[in-house]
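The block underneath contains the structure these notes are about, expressed in structure tokens.
Values quoted throughout were computed directly from the atomic coordinates according to the rules given, and no laboratory measurement underlies them. Since we're looking at a predicted model, the values are computed, not measured. All Cβ positions, glycine included, derive from the backbone under ideal geometry; neighbour counts span all protein chains shown.
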Amino acid sequence: MGNTTITNKKGTMAGSLSRGAVDFIDDARIGELLVPGKSDPSRVREVISKSLSKQPLQLEETAVLLKAEQPELIEEIFEAARELKRRVYGNRIVLFAPLYLGNKCINDCRYCAFRRSNPEQVRRTLSFDEIRDQVRALENKGHKRLILVFGEHGEYSAEFMAECVKTVYDLKVGRGEIRRVNINAAPLDHEGFGIVKSAGIGTYQIFQETYHHETYAKMHPKGTMKSDFMWRLDSLSRAFESGCDDMGTGALFGLYDWRFEVLGLVSHALHLQGKYGVGPHTISFPRLRPASGVEMEWPYLVSDYDFKRLVAILRLSVPYTGMILTAREQPALRREVMAFGVSQIDAGSRIELGGYTEFGDSQVLNREQFSLGDIRSLDEIMKELIEDDYIPSFCTACYRLGRTGEHFMEFAIPGFIERFCTPNALSTLTEYLVDYASPETREAGFRAVEKQLELIPDGSRKNDIVARLALIRETDKRDLYY
């Protein structure tokens, strides 16, 4: 296609697509792959075996897992996802918090409380002083990683987002600091992505929402920026070309058939891998939740059982892609799904504008994009993770040392990343336990740290890890990483 340009609704240039941009979502082909048919158990197990060898699955192979309906085969898929998660990520779970900075929006997405035609939504953009208030509150609870969330609006330019990122990084409270800032915002042109990247962001996250063309058109009315399917689909490619080597994608499950969306996500990952040598850094799979001013019948809502299936199948399809489970889900389901391949979760989340300082423990629907299912505190979630034998991690070392994009894959695929991840997870966990944890969480956490240390072979490396943890416990030394 070349360096194609697109125009906005006023007919002026909005930007250029990536080099050789193509619409790689073939609705007809995906539909053919999902035609119902009896599953061949031997073929399902063959695909599972390939995934357990840490090889990404092709669309046809992912479809084999999606079409498996026999209970015993589905259980084998669940167990394989658990095993693959253990092999690639061990028992680490990375934690972050969302921070909504502005909910003004020029779009009119039918499922979103932020849509421009919703009279119930209270519109607000945080000032830089208000941003500092929110960050201060988050740092005082122990957070080290944030994702900044913006609506799509003229006020939220690349320059504005970059200034917000710098504001977050600049604020340090006591021993607290934010070490990684990610972005969830509208697609940008090449120049915009470059500006935001220069501010030191980690991952730039853009959800396609639905990969089904007809459904996408229904959900995003003509005359809005978001109605352009190709501009959004191509956004991660433009970001890669602009120097952003960590990208996140996702689908909003419940807009269309969940099986189709899984194949859409896998298509996206395969396209990026083939074109740039590295797929998305993360995949998210949120489900539709109630939202202020949103009244629709949703024929494609995903049951809890099918939600577990889609998480497990995504894990098997993209072995080295991080998978994010959000606080949209209820605590019990989050706890269960975690084992199927999740590597990151948000915790202690508030999604109202100003929510970390202004609204106490209650949700305020007309000030948030959707309702949350899990509003427990960070400390409560940390304690549960520890009790479930996970190691909560706030690690940001790879991003700060340049182990990102293709370089991350060089470490991760052979398994060498274990040399870095476990020690760094233990360091950041120890920081949290010393500086922020409740007595109960602190006690459980230190037992978990000792248990993990016992699994590390004796030698100079173990001695060095133990010495670093002692520095954190006994001095003001922080941010020690490999």
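Taking a straight line from the alpha carbon of K222, these lysines sit under 17 Å away, with near neighbours fewer than eight places off in the same chain left out: K9, K10. Extension gain, L301 to F359, is 17.9 nm, computed as 0.36 nm per intervening residue step minus the present C-alpha separation. Under the simplified labelling scheme, the S460-A332 pair shows an inter-label distance of 5.3 nm, with each label point 7 Å from Cα along Cα→Cβ.
Extension gain, R87 to R419: 0.36 nm times the residue separation minus the Cα-Cα distance gives 118.2 nm. With K and R counted +1 and D and E -1, the other residues having a Cβ less than 12 Å from that of R232 yield a net charge of -3. Extension gain, K172-E191: 0.36 nm per intervening residue step, less the Cα-Cα distance, totals 3.9 nm. Phi angles of the stretch 305-310 translate, via the Karplus equation with coefficients 6.51, -1.76, 1.60 and θ = phi - 60°, into HN-Hα couplings of 5, 5, 4, 4, 4, 5 Hz per residue; Gly and Pro are given as x.
Annotation: the antiparallel percentage among DSSP beta bridges lying fully within the chain is about 15. Taking a straight line from the alpha carbon of K383, these aspartates and glutamates sit under 17 Å away, with near neighbours fewer than eight places off in the same chain left out: E336, D346, D374, E431, D435, E440, E443, E450. Close amide H pairs (under 5 Å, H built 1.01 Å from N) link Q205 with I183, N184, A185, G248, residues at least 5 positions away or on another chain. Phi-derived couplings, Karplus 6.51 cos²θ - 1.76 cosθ + 1.60 at θ = phi - 60°, listed residue by residue for the stretch 283-295: 10, 10, 9, x, 9, 4, 10, x, 9, 4, x, 10, 10 Hz, with x used for Gly and Pro. So what is the 222 nm mean residue ellipticity for the chain from helices alone, if each DSSP H run of at least 4 adds -39500 (n - 2.57) and you divide by all residues, rounding to the nearest 500 deg cm²/dmol? Calculated at 222 nm, the ellipticity per residue is -13500 deg cm²/dmol.
Summing +1 for each Lys or Arg and -1 for each Asp or Glu among the other residues whose beta-carbon sits under 10 angstrom from that of I30 gives -3.
The modelled label-to-label distance for the pair L52/E450, using points 7 Å beyond Cα in the direction of Cβ, is 3.5 nm. In terms of its C-alpha gyration tensor, the stretch 429-482 has an oblate overall shape, because the principal axis ratio a/c (a ≥ b ≥ c, square roots of the eigenvalues) is not below 1.5 and a/b does not outweigh b/c.
3J(HN,Hα) along the stretch 35-50, derived from phi through the Karplus expression 6.51 cos²θ - 1.76 cosθ + 1.60 where θ = phi - 60°, amounts to 4, x, x, 5, 6, 9, x, 5, 5, 4, 5, 5, 5, 4, 4, 4 Hz, with x in place of Gly and Pro.
Residues whose amide H comes within less than 5 Å of that of R180, counting only those at least five positions distant or on another chain, are L146 (H built at 1.01 Å from N in the peptide plane). Here the contact order of the stretch 141-202, divided by its residue count and restricted to Cα pairs under 8 Å and six or more residues apart, works out to 47 percent. Treating r as the C-beta distance of E32 and E440 and R0 as 41 Å, the FRET efficiency rounds to 0.15.
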